[in-house]
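Structure first, commentary second.
The values are calculated or read from the model by the stated rules, or taken from the named source; none is laboratory data. Note that this is a predicted model, so its numbers are computed, not measured. Neighbour counts are summed over all protein chains in view; Cβ atoms, including those assigned to glycine, are modelled from backbone coordinates with ideal geometry. Ligands, DNA and RNA are stripped out before the accessible areas are found, and what is left, the full protein with its side chains, is counted by its heavy atoms. Shrake-Rupley method; radii C 1.70, N 1.55, O 1.52, S 1.80 Å.
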Amino acid sequence: MRYFVELSYNGKAYHGWQIQPNAITVQEVVEKALSTLLGVPISIMGAGRTDAGVHATQLFAHFDTDIVFNTPKLIYKLNSFLPTDIAIRDIFKVKADVHARFHALSRAYVYRVAIEKNVFNVDHCFYVKHALDVDKMNAAAKILFEYKDFQCFSKTHTDVKTYNCDIMQAEWLVKNGELHFVIKANRFLRNMVRAIVGTMINIGLGKVEVESLHTIIASKNRSEAGFSVPAHGLYLTDIEYPKDIKL
């Protein structure tokens, strides 16, 4: 049987989602917990990979097993077994050919920018002490819908076949002393959201004109875009799948 597991995690202690040598990752910790509790080696495939320090309020991964288990009990045991910064929210059966990564229709991220000094969110937001022009930042966000190729925001030397992404949502919202950049697309490039946010912060600070974003995107050159904001303010918040994947 193929199962989807829905989880959330605070990424501060982890070197991202994907297993890699000589670094602790979320995937490794979850795989070990599942393997221990089910008594057989379990391999999981995530819907995507988050970078070191990035958080997820919702991420899906799939795994295959013939072991019969009681789902509520397994969820309870996993949450007892896992560290406090990883939480299992649900486990459910899906069709055998459903893939957590390839069948995802969209992914959404939120980047949190603190515009007021707050000692309680220093590990969860990027604090910008200078005033930001939110209207200009939202005007820049609208420009993203005019383009498909976002190579200028991609990490260099990354192995991808295309830099094209379909942006479905991009806007800045003011919430309780914070600015939240919400962005949704069918796919994202490595470091893309953090580079977009850094570029828009420069626009909000008046360092870059709104219309300059056209030139930046057309350049396809990472050095033309803005700085990459810190990972601790970024959250993967939602992954959408076709409605008929469940058994």
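How high is the relative contact order of region 1-87, in percent, counting Cα pairs under 8 Å that sit 6 or more residues apart? Walk me through the intermediate numbers first.
On the way: 139 pairs, mean separation 36.1, N = 87.
Contact order relative to length: 41 percent.
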remark   = Looks like region 174-233, by Cα gyration tensor root eigenvalues a ≥ b ≥ c and the a/c under 1.5 rounded cutoff (else prolate when a/b is bigger than b/c, oblate otherwise), is oblate
query = Whole-Hz Karplus ³J(HN,Hα) for region 9-26, in order, using 6.51 cos²θ - 1.76 cosθ + 1.60 and θ = phi - 60°, x for Gly and Pro?
reply = 7, 8, x, 4, 8, 10, 8, x, 7, 6, 4, 8, x, 6, 7, 7, 10, 5
ask   = Spin-label point model (7 Å from Cα, Cβ direction): what's the E171 to F92 distance in nm?
value = 2.7 nm
query = What full-extension length gain, to one decimal in nm, is calculated for K155 and N186 as 0.36 nm per residue of separation minus the Cα-Cα distance?
reply = 9.4 nm
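Going by the alpha-carbon gyration tensor, a ≥ b ≥ c the square roots of its eigenvalues, is region 102-247 rounded (a/c under 1.5) or, if a/c is not under 1.5, prolate (a/b greater than b/c) versus oblate? Let's see the in-between values first.
Values: a/c = 1.79, a/b = 1.19, b/c = 1.50.
In terms of gyration-tensor shape, oblate.
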task = Measure nothing fancy, just the Cα-based angle from helix 134-143's long axis to the longest principal axis of the chain, in degrees from 0 to 90, nearest 10.
result = 70 degrees
key: Cα long-axis angle, helix 71-81 against the chain (0 to 90 degrees, to the nearest 10)   = 70 degrees
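Please compute the per residue accessible area over the chain with all protein chains in place, 1.4 Å probe, rounded to a whole number of Å². Display every interim value, and only then the final one.
Numbers: 12480 Å² over 247 residues.
So the chain comes to 51 Å² accessible per residue, rounded to a whole number.
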Sulfur and carbon atoms: percent of accessible area, the chain [1.4 Å] = 51 percent
